[in-house]
Amino acid sequence: MTSNKAVDSVLFPLSQVPLQAYLTNTLQVADVVEWAMAQMPGKVHLRQTSFSISEEFVRRLWHMQRSGKVSEVELVLDHKATNKTLRLWPFLVQTINRLYLADNHSKLILLESDTAGDVTQVAIITSQNLTRGNRHESAIITTDIGVFRKLEASFLDIRDHHAVPLRELFNIKMQS
């Protein structure tokens, strides 16, 4: 699971610093997501975009959901990552509530709490795919509600107008 010491050595508490960034090879995006969620009250709705996803990241999401902290996971992946996505299909359908394919290269994570508190919305824009890597990766993390809402509107536009629900595609394929 997450190494809060590693994250805490690079980032400050979200309630103290509403905009921060990093460029390091010591953090994994899943660690940062868990670290952010730990600072949020209630359950968290998790929306993500990425070019691709790895089995290791899906496993981390699975544990996050089983912890009771995550209420829902939505994910938009790129069409070009379809082969990898389909190999992970049995695990993905147990972990991700809504999965979409689109022309997407963004790496965005939106966390929104269902409970009022100091930190209820977090936006993370990162260079890292939803994978594990040992490369230098960068990210900007903000709790600014205006930035969060702008990115959320863009996510919803992609999801609702430019993406294909993978579950529907897979079911159609299975029926033919």
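Only one of Gly117, Gly133 is part of a loop (DSSP other than H, G, I, E, B) and within 16 Å of the chain's Cα centre (by Cα); which? Exactly one of Gly117, Gly133 is part of a loop (DSSP other than H, G, I, E, B) and within 16 Å of the chain's Cα centre (by Cα), namely Gly133.
Only residues that are hydrophobic (A, V, I, L, M, F, W, C), at pLDDT 95 or above and part of a loop (DSSP other than H, G, I, E, B) were counted across region 15-54, and they come to 2.
Does region 87-108 contain any residue that is in a strand (DSSP E or B) and within 20 Å of Asp31 (Cβ to Cβ)? Steps first, answer last, please.
From region 87-108, those in a strand (DSSP E or B) are 98-102, 108; that's our starting set.
Adding the requirement that they be within 20 Å of Asp31 (Cβ to Cβ) leaves 108.
Yes, some residue in region 87-108 is in a strand (DSSP E or B) and within 20 Å of Asp31 (Cβ to Cβ).
Just one residue in the set Lys107, Lys5, Lys80, Lys69 is charged (D, E, K, R) and in contact (Cβ under 8 Å) with a residue 40 or more places away in the chain; that residue is Lys107.
Can we say Ser106 is touching a Gly at 6+ places or on another chain (Cβ under 6 Å) and hydroxyl-bearing (Ser, Thr, Tyr)?
Numbers: touching a Gly at 6+ places or on another chain (Cβ under 6 Å): no; hydroxyl-bearing (Ser, Thr, Tyr): yes.
So Ser106 fails the test.
Ile125: within 17 Å of Arg47 (Cα to Cα) and free of Cβ contacts under 8 Å to residues at least 60 places away in the same chain, yes or no? Please lay out each step first, then the result.
Working: within 17 Å of Arg47 (Cα to Cα): yes; free of Cβ contacts under 8 Å to residues at least 60 places away in the same chain: yes.
Answer is yes for this residue.
The values are calculated or read from the model by the stated rules, or taken from the named source; none is laboratory data. Model, not experiment: these values are computed from the prediction. Because the Cβ atoms are built from the backbone with ideal geometry, glycine has one as well, and the counts that use them run over all protein chains shown.
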